[in-house]
Amino acid sequence: MSGTLFPPEPRERAEVAPGAVHVPGWLSIERQRELVAACRGWARGPVPIRHTVLPGGGVMSVQTVCLGWHWKPYRYVRTADDVNGAAVAELPGWLAELGRDAVREAYGDDGGYRPDAALVNFYDGAARMGMHQDREERSRAPVVSLSIGDSCVFRFGNTEGRGRPYTDVELLSGDLFVFGGPSRFAFHGVPKVLAGTGDPALGMRGGRLNVTLRETGL
Ligand code: MD3
Ligand code: FE
């Protein structure tokens with residue numbers, strides 16, 4: 001009974017800003033299920049998924065686990081001394097390859113993209129991510145973002161500050177977003193997760209996963 005009278009609008013590929021390319025529905029449902037299973041494994045360890053504690057004492061509502069390099073505020077390290085002291089898991093070759101495919105899909109050329117770090121973020125229905133820049137990487141290579149599970153509102157801002165102008169884009173399960181060129185240092189955040197919108201076939205029991213791939217240049 002779903003979607004017959006009011007089928008969803010087809011969502012089209014869009015360059016939201018120079019270098020910021022949104023490709024709706026890039027990941028097949030099978031790929032998404034594989035990523036969910038892989039994220040379950042990474043969440044268990046060697047460094048368990050956790051709420052990052054910020055230097056000022058704040059605790060992020062998002063839960064994060066890293067591969068390749070561990071991100072702690074505000075640098076990349078090989079051992080998670082802010083969690084359990086363990087060495088971070090390697091970035092699997094298949095995931096780096098998926099990142100290269102993603103850049104080729106967005107730009108038509110992979111530009112020699114060789115990601116060496118992944119951040120996996122889990123959002124429950126109440127989690128948010130405030131407006132920030134990603135500037136701990138020493139490479140200017142693009143960031144690849146893959147969304148799985150519940151939809152969210154993604155806020156893509158400007159390079160000057162956290163405020164307007166910004167564009168709100170809905171990210172659905174399977175969407176790809178690549179941020180390169182002049183968009184690489186734009187402020188961005190996730191003001192809202194649309195709880196309960198994920199396909200039950202993903203086997204997630206709610207929430208949103210976001211996997212980002214980066215070249216640290218380290
Ligand atoms: C634009 N994650 O992990 S993904 C992050 O959905 C992060 O979990 C959000 O922001 C999430 O740092 C947003 C989209 C994204 C990721 C990195 C970017 C957009 C970006 C880096 C530069 C510009
Ligand atoms: Fe970010």
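Read-outs: derived from the displayed coordinates by stated rules, not from any lab. Computed from a predicted structure; not experimentally measured. Note that we place each Cβ from the backbone using ideal geometry, even for glycine, and neighbour counts take in every protein chain shown.
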Counted neighbours (other Cβ, 10 Å), sorted fewest up, put I49, I148 in the order I49, I148
Most fluctuating of A80, A17, A38 in the GNM of the chain (C-alpha, under 10 Å) is A38
Contour minus Cα-Cα span, R164 to E30, at 0.36 nm per residue, comes to 44.5 nm
Descending packing, highest mean Cβ count within 10 Å first, for 182-195, 155-168 is 182-195, 155-168
Expected sort for 206-216, 57-67 on mean C-beta neighbours within 10 Å, highest first, is 206-216, 57-67
Among S147, P7, L67, the residue whose Cα sits farthest towards the positive end of the charge dipole of the chain, when +1 is placed on the Cβ of each Lys and Arg and -1 on the Cβ of each Asp and Glu, is L67
The set of residues whose placed amide H lies less than 5 Å from the amide H of K72, leaving out same-chain residues fewer than 5 positions away, is V77
Given the candidates G56, A87, V120, the one whose Cα lies deepest towards the positive end of the charge dipole of the chain, counting +1 at each Lys or Arg C-beta and -1 at each Asp or Glu C-beta, is G56
Sorted by chain and number, the residues with a modelled amide H under 5 Å from that of L91, at a separation of 5 or more or across chains, are G68
Length gained, V59-L5, 0.36 nm per residue minus C-alpha separation, equals 15.1 nm
In cubic angstrom per residue, the convex hull of the stretch 21-214 built on its Cα atoms measures 112 Å³
With only helices counted (DSSP H, runs n ≥ 4, each -39500 (n - 2.57)), the per-residue ellipticity at 222 nm for the chain, to the nearest 500, works out to -4500 deg cm²/dmol
Using alpha carbon centers only, the stretch 43-58 is separated from the stretch 151-166 by a whole-angstrom value of 25 Å
Summed over the other residues with a beta carbon less than 12 angstrom from that of F122, with K and R at +1 and D and E at -1, the charge totals +2
With x for Gly and Pro, the residue-by-residue ³J(HN,Hα) of the stretch 44-60, computed from phi through the Karplus equation 6.51 cos²θ - 1.76 cosθ + 1.60 at θ = phi - 60° and given in whole Hz, is 7, x, x, 9, x, 4, 7, 7, 5, 9, 8, x, x, x, x, 10, 5
With R₀ set to 35 angstrom, the calculated FRET efficiency between the beta-carbons of R78 and A37, to the nearest 0.05, is 0.85
